[in-house]
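Trainee: Please read through the structure below; I'll follow up with questions.
Laboratory data are not the source of any read-out in this text; all were calculated from the coordinates shown. Given the structure is predicted, the values throughout are model-derived calculations rather than measurements. Backbone-built Cβ (ideal geometry, glycine too); neighbour counts: all protein chains shown.
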Amino acid sequence: MPTSFFTAPGKFHRGNLHTHSTRSDGVLEPKEVCRRYQAEGYDFISLTDHFIGMYDYPITDTTAYRSDDFTTILGAELHSGAMENGDLWHIVAAGLPVDFIPPNAPHFRPVEGQESAAKIAQRARDAGAFVAIAHPHWSGLTEADARTITAAHAVEIYNHGCAIENDRGDGLLSYEHMLNEGRRLNMIATDDAHFKTPDHFGGWVMVKAQENTPEALLTALKAGDFYSSTGPEIHDFRLNDDRTQAIIECSPATTITIQGPGVVTARIVGTNMTSATLSMERLTGRAWVKLAIIDANGKRAWSNPIWLDE
Ligand SMILES: [Zn+2]
Ligand SMILES: [Zn+2]
């Protein structure tokens, strides 16, 4: 029986990859942001303050707030270049060096001649970061915009702050358009917490790693060994040997659905379902499949895709 990273050695670490502090436009000091996430049961965060000139291009140093059971990944939200709608790009990068060279991005408006989003994303990836296209719905991202960010590892498919404050938290449709163009991208759920509103503890990633260290977490993130959630847990998601069945183990769910390109899904709807074996009959020949879980409170969890053309 094939295995998956779900059942590989190690444990799942709960983390938030998108957060702000007083080093940019958040209202809590970096230390307090870390304290609150740790107190909430998180294993790690990446503090991703806005990397723009009005905040002196912060790569906020959170290393002092690491402990035996909590770690931090240095990062930032990068801004440079205009999207098709004329607004400034937002790209989340976890795993940046402290000396990452700033673009010419003095404020939240694009500036003539500044580095493109594609280039700063590539520089971040080359510097070791896990790079994600932030909040596609909130940004008004177009498919042409998305195509330019070839350095991205992932797309933010749930942003809790954008959901709470603007009802623009979802990025699933933009993400699936990218998958359908052949992009090998994973997806993340995040908070984008500023702590001005109830924008925290709403979306996270569960990263499977043997150690709770920035290095191990970044390696697992880049490998896609994680899933995203606003509540439910996914304990396993794999296909059997001849890929005729999908096997799912999860926390109690009301909907378990396997999605592929186009209109086809394989799903089961019920109450308190903690496992399912779904026929892949209608999904064979498709390029990818992924799992979504919904629980009785409407909270959701999402697997990264399994690519079937590999
Ligand atoms: Zn943003
Ligand atoms: Zn943000």
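Trainee: Does region 173-202 hold any residues that are closer than 19 Å to H160 by Cα, touching a residue at least 60 places away in the same chain (Cβ under 8 Å) and not in a loop (DSSP other than H, G, I, E, B), and which are they?
Mentor: In the first step, residues of region 173-202 are kept if they are closer than 19 Å to H160 by Cα; the result is 173-175, 186-202.
This time we only want the ones that are touching a residue at least 60 places away in the same chain (Cβ under 8 Å), so: 186-196, 200-201.
Of everything in region 173-202, those that are closer than 19 Å to H160 by Cα, touching a residue at least 60 places away in the same chain (Cβ under 8 Å) and not in a loop (DSSP other than H, G, I, E, B) turn out to be N186, M187, I188, A189, T190, A193.
Trainee: Quick one: how many residues across region 184-208 are closer than 29 Å to D309 by Cβ and surrounded by 17 or more Cβ atoms within 10 Å (Cβ to Cβ)?
Mentor: Final tally of qualifying residues: 10.
Trainee: A further question follows. Consider region 172-198. How many of its residues are within 20 Å of G26 (Cα to Cα) and within 15 Å of ligand 2 (Cβ to nearest atom)? It would help to see each step written out before you state the result.
Mentor: Let us first name the residues in region 172-198 that are within 20 Å of G26 (Cα to Cα), namely 189-198.
From what's left, within 15 Å of ligand 2 (Cβ to nearest atom): 189-197.
So the answer is 9.
Trainee: If V205 satisfies every condition in (1) part of a strand (DSSP E or B); (2) out of contact with any Gly (no Cβ under 6 Å at 6 or more places or on another chain) but one, which is the exception?
Mentor: (2)
Trainee: Every residue in region 219-237 that is out of contact with any His (no Cβ under 9 Å at 6 or more places or on another chain) and surrounded by 20 or more Cβ atoms within 10 Å (Cβ to Cβ), please.
Mentor: Of the residues in region 219-237, the ones out of contact with any His (no Cβ under 9 Å at 6 or more places or on another chain) are 219, 223, 225, 227-229, 231-237.
Result: D225, Y227, S228, S229, P232, I234, F237.
Trainee: Being in a helix (DSSP H, G or I) and not small (G, A, S) is the filter; apply it to region 209-218 and report the residue that is surrounded by the most Cβ atoms within 10 Å (Cβ to Cβ).
Mentor: L217
Trainee: Sticking with this one: Within region 180-208, how many residues are in contact with a Leu (Cβ under 8 Å, 6 or more places away or on another chain) and farther than 21 Å from S4 by Cα?
Mentor: Number of matching residues: 2.
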